[in-house]
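**Q** What follows is a structure written as structure tokens; I'll ask about it next.
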Amino acid sequence: MENLYKLSAFEIREKILKGEVKSEDLVQKIFERIEKIDSNIGSFVSLRKEKALQEARTIDEKIKNGEKVGELAGVPVAIKDNMVSEGDKTTACSKILSNYTGIYDGTVVKKLKEADAIIIGITNMDEFAMGSTTKTSIHHITRNPWDNERVPGGSSGGAAASIAAQEAYISLGSDTGGSIRQPASFCGVVGMKPTYGRVSRYGLMAFASSLDQIGPIAKKVEDIALAMNVIAGPDDYDATVVNCEVPDYTQFLNQDIKGMKIGVPKEYFIDGINPEVRKIMDSSLEKFKELGAEIVEVSLPHTKYAVPTYYVIAPAEASSNLARFDGVRYGYRSENIENINDLYINSRSEGFGDEVKRRIMIGTYVLSAGFYDAYFKKAQKVRAKIKDDFEKAFENVDIIFTPVSPTTAFRLDDKKTPIELYLEDIFTISANLAGIPGISIPAGKVEELPVGIQLLGKPFGEGELIKAGSAFEKVRGEWELPELD
Amino acid sequence: MALTREEVLNVAKLARLKFQPDEIEKFQIELNDILGYIDMLNEVETEEVTAMTQVNSQVNNLREDIVKESLTVEKALSNAPDSGDGAIIVPKVVG
């Protein structure tokens, strides 16, 4: 049973299906590992120990009896604290939801359960998924498993750290402006944001509805394919999920990428990228050339407007979505109330943290009478231009290659202004605005800290990203995660 | 355009939030920084562009209108801060 935690979801699944490993034993070992190492990392906000062990026993029994089991039978997975799971606490890492227990299963949770995955726990995040450090959680901070003095990234920092610390095999995160890809890069793991409309958002606590998308984080691209097979596809409960066929993503693994055209946008290779990060980008492109891909320069001229566009649209949608937190039907209610107005205002003011309030304020302002056209409508128009840039670029290339972040994981005690923090997402935000899929894959290290490359695809082109990513992993070679025990 | 203290207070009122005096000053500075940064969007010529409201061409993939099981009253009330007799209790609304 030693070192089973090092295997990929793909590999552990095979062992469980063949009866070489019992899910219950594996889940038990995983909990022992979490108990041993997670006090230093803080990936999880809560664990489903008793339920998980019980569920694992049921799966073991099914396998023993030769019954049909799902695609992730017995595999320990984790979900982010903004995905509703019946009977489990889901808080969005906010005081305003600190007493909330899921009363239904969100679609991804339901699909994981139907695939017989074992949900072992709920991972830490920035409050309401707003942030790039996982420092704004009400529960605790999460530390980067590669260096405990550094951030894991955010907002899915707990999800990425749980994979880097080998505490789970697949972890679901959510990505509104880079919240899967950036922490995956900082933690040296693989993370995919699917196309907007590929995965149901039903049961995801909304941040910015036109940008949010759930996606998987895992050790290897093969696990991303496996997870996408489970979570993608139409849903009766989310009318924004597009009704198109979901391919078997595992068929894109181990394919030849000879002749694949990879676009490199000149606007992404700007001053301000750490020169060592830049070197890793260059050597990664060389590896793609070795694989027979053709590297083509493309232009995405509105790249520099992505961050300001995002910081109009995301807060506007957030201010609207978060209006539901009024202390009436669920969530925190202030004790300091004399009338109904106090109930609304005091519950919200005491329940939301600073970053959430900041974004609600911006959102309320840009949507307010007199400013709507100047800010919100303007941003929607620039968003159209950003999307148009990608459409033009994809006329000539199959996928696009960029860095994930200009830097490696920064220090927990680094003091950054809101705008400096917003600029951390400079390379990831455009994909959310354009609704296209993106994947972050570890490519190298700078001073023992991981650096990821980002591949962006055409709408519903996740398969091409899996194909290119899986080919890249082979030429990159083995990727060892940090030893923590 | 820079936000005045009064405008910050007005936005807070619209957002159903209240702040301590020192927080208002902090928010005023931060919001003005952010809005100043967002003003960069004015460099982009958008006269002929239609505002984008949907990222996908396929919108509203609706299902058949079939009655399905929904939440029970007990479940719906289980997270309410205060409830009784199958209803949510709030302070008096009408004076």
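The values are calculated or read from the model by the stated rules, or taken from the named source; none is laboratory data. No experiment lies behind these values; they were computed from the predicted model shown. Methodologically, a virtual Cβ is constructed for each residue, glycine included, from the backbone with ideal geometry; neighbour enumeration extends over all protein chains shown. Keep in mind that these areas ignore ligands, DNA and RNA; they rest on the heavy atoms of the full protein, side chains included. Shrake-Rupley method; radii C 1.70, N 1.55, O 1.52, S 1.80 Å.
**Q** May I ask you to list pairs of residues, at least six apart or on different chains, whose Cβ atoms are under 6 Å apart, with the first in segment B:35-61 being free of Cβ contacts under 8 Å to residues at least 60 places away in the same chain and the second being open to solvent by 70 Å² or more (accessible area, probe 1.4 Å)?
**A** Sorted first by the residue in segment B:35-61, then by its partner, the pairs are B:51/A:377; B:61/A:243.
**Q** Any idea how many residues of segment A:310-330 are over 21 Å from the mean Cα position of the chain (by Cα), at the interface with chain B (Cβ under 7 Å from one of its Cβ atoms) and open to solvent by less than 10 Å² (accessible area, probe 1.4 Å)?
**A** Counting residues in segment A:310-330 that are over 21 Å from the mean Cα position of the chain (by Cα), at the interface with chain B (Cβ under 7 Å from one of its Cβ atoms) and open to solvent by less than 10 Å² (accessible area, probe 1.4 Å) gives 2.
**Q** Select, from A:406, A:437, the only residue that is touching a residue at least 12 places away in the same chain (Cβ under 8 Å) and more than 14 Å from every other protein chain (Cβ to nearest Cβ).
**A** Answer to the selection: A:406.
**Q** Just to be sure before I move on: is residue A:429 surrounded by fewer than 24 Cβ atoms within 10 Å (Cβ to Cβ), in contact with a helix residue (DSSP H, G or I) (Cβ under 7 Å, 6 or more places away or on another chain) and either over 14 Å from residue A:452 (Cα atoms) or modelled with pLDDT under 95 (or both) in the structure I sent?
**A** No; evaluated as a whole, the condition is false for this residue.
**Q** Let me ask you something else. Does residue A:80 fit the bill of being surrounded by fewer than 24 Cβ atoms within 10 Å (Cβ to Cβ) and among the charged types (D, E, K, R)?
**A** Considered against the rule, which asks whether it is surrounded by fewer than 24 Cβ atoms within 10 Å (Cβ to Cβ) and among the charged types (D, E, K, R), residue A:80 comes out as no.
**Q** Looking at this structure, is residue A:174 in contact (Cβ under 8 Å) with a residue 40 or more places away in the chain, of a type in the set (Ser, Thr, Tyr), in contact with a strand residue (DSSP E or B) (Cβ under 6 Å, 6 or more places away or on another chain) and closer than 26 Å to residue A:364 by Cα?
**A** Yes: the conditions hold for residue A:174.
**Q** Go through segment A:134-155 and give me each residue that's open to solvent by 10 Å² or more (accessible area, probe 1.4 Å) and in a loop (DSSP other than H, G, I, E, B).
**A** Result: A:135, A:136, A:137, A:138, A:139, A:140, A:141, A:143, A:146, A:148, A:149.
**Q** Being farther than 30 Å from residue A:384 by Cα and either at pLDDT below 90 or in a helix (DSSP H, G or I) (or both) narrows it down to one of B:10, B:42, so name that one.
**A** None of the others qualify; the one that does is B:10.
**Q** May I ask you to verify whether residue A:121 is more than 20 Å from residue A:11 (Cα to Cα) and part of a loop (DSSP other than H, G, I, E, B)?
**A** Here the answer is no, as residue A:121 does not meet what is asked.
**Q** Could we say that residue B:71 is farther than 23 Å from residue A:315 by Cα, out of contact with any Gly (no Cβ under 8 Å at 6 or more places or on another chain), open to solvent by 100 Å² or more (accessible area, probe 1.4 Å) and among the hydrophobic types (A, V, I, L, M, F, W, C) here?
**A** No, not satisfied.
**Q** All but one of (1) open to solvent by less than 50 Å² (accessible area, probe 1.4 Å); (2) more than 14 Å from every other protein chain (Cβ to nearest Cβ); (3) at pLDDT below 95 hold for residue A:272; state the number of the condition that does not hold.
**A** Going through the list (1) open to solvent by less than 50 Å² (accessible area, probe 1.4 Å); (2) more than 14 Å from every other protein chain (Cβ to nearest Cβ); (3) at pLDDT below 95, residue A:272 breaks only (1).
**Q** Within segment A:336-349, track down each residue that is touching a helix residue (DSSP H, G or I) at 6+ places or on another chain (Cβ under 7 Å) and of a type outside the set (A, V, I, L, M, F, W, C).
**A** A:336
**Q** Okay, next question. Mind listing whichever residues of segment A:399-426 are open to solvent by 50 Å² or more (accessible area, probe 1.4 Å) and of a type outside the set (Val, Ile, Thr)?
**A** Matches in segment A:399-426: A:411, A:413, A:414, A:415, A:416, A:420, A:423.
**Q** Which one is farthest from residue A:164 (Cα to Cα) among residues in segment A:83-106 that are open to solvent by 10 Å² or more (accessible area, probe 1.4 Å) and of a type in the set (Val, Ile, Thr)?
**A** A:103
**Q** Please enumerate the residues belonging to segment A:1-28 that are open to solvent by 50 Å² or more (accessible area, probe 1.4 Å), over 20 Å from residue A:220 (Cβ atoms) and in a helix (DSSP H, G or I).
**A** Passing the criteria: A:24, A:25, A:28.
**Q** Hey, another quick one. Go through the residues of segment A:117-132 one by one and say whether even a single one is acidic (Asp, Glu) and open to solvent by 20 Å² or more (accessible area, probe 1.4 Å).
**A** No: segment A:117-132 contains no residue that is acidic (Asp, Glu) and open to solvent by 20 Å² or more (accessible area, probe 1.4 Å).
**Q** So, in segment B:2-54, how many residues would count as being open to solvent by 60 Å² or more (accessible area, probe 1.4 Å), within 7 Å of another protein chain (Cβ to nearest Cβ) and more than 15 Å from residue A:311 (Cβ to Cβ)?
**A** Residues flagged as open to solvent by 60 Å² or more (accessible area, probe 1.4 Å), within 7 Å of another protein chain (Cβ to nearest Cβ) and more than 15 Å from residue A:311 (Cβ to Cβ) within segment B:2-54 amount to 5.
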